[in-house]
Amino acid sequence: MDLSLKPISGRAFLAYPEMLDFLLLEITERFFIDVKNIKNSDSDYSEKEIRIFPDSSEPLLFGNLLYIPQWKEKKNPYWAATVLEAPALLDFSSIKQAALSLRNIQRNWASYQYKLFRRAALIVESLPYINPKPRSFPYLIPESPMGLFTLVKKELILCSAKTSSPLAAGCLTFVEDKIEPPSRAYLKFQEALTRLYSAKGSIPQKNERCLDLGACPGGWTWVLRQLGCE
């Protein structure tokens, strides 16, 4: 085990893009953990706060990443794109050391950043390549594990090799068709079917009969027609 890696308690939850408020509300109302007074995600923590946070009992927010040290629940929030299920802190003194330490843990790492973007990008460039391009539908989500890391200060990484999603930062984007679909709702349906496909091994097939209740303007129906459904 890397001596610069320090496991910490709890879990960290990365909200879906633009859905942080929903995550905080769910944490409060479903899990009864008070995050009402958590520091605004737009402000940086002081060096003192960062230094003591492994021993803190209070939730901390790093951009859209919510760390809750006292988390004991088995279930995860619905509004978390991915969950750092075995969070740890990684001290490092150089980009090379950071990348090497992460690679020694496992191969696949995604980055989430809310600051220190260039420094994080340099670490990513030194890690095995993860294709960030939009996917073509239908798409089978890979089963290989995907870690997540974020820089909370210049020489300190919050990371977890074990996460709840095999997708990079828990998010999936598709190649857009900006001409044929009647609405952009088709993208959400494509994502839902893709997650169903990965979980159950099946999606609607050619010549199968499907019923789209309330099909207006018809984005979901368009997806089913592309699959050859009746």
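Okay, here's what the table says:
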item	result
The one condition in (1) in a helix (DSSP H, G or I); (2) more than 30 Å from L65 (Cβ to Cβ); (3) in contact with a Gly (Cβ under 6 Å, 6 or more places away or on another chain) that S183 fails to fulfil	(1)
Residue within region 202-219 that is in contact with a Lys or Arg (Cβ under 9 Å, 6 or more places away or on another chain) and assigned to a helix (DSSP H, G or I) present	yes
Single unsatisfied condition, E29 versus (1) part of a loop (DSSP other than H, G, I, E, B); (2) modelled with pLDDT of 90 or more; (3) exposed (fewer than 13 other Cβ atoms within 10 Å of the Cβ)	(1)
Residue within region 174-185 that is closer than 30 Å to A86 by Cα and surrounded by 14 or more Cβ atoms within 10 Å (Cβ to Cβ) present	yes
Residue tally, condition of a type in the set (G, A, S), touching a residue at least 40 places away in the same chain (Cβ under 8 Å) and on the phi < 0 side of the Ramachandran plot, over region 131-169	6
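The values are calculated or read from the model by the stated rules, or taken from the named source; none is laboratory data. Given the structure is predicted, the values throughout are model-derived calculations rather than measurements. Every residue, glycine as well, gets a Cβ built from its backbone with ideal geometry; the counts of neighbours run over all protein chains shown.
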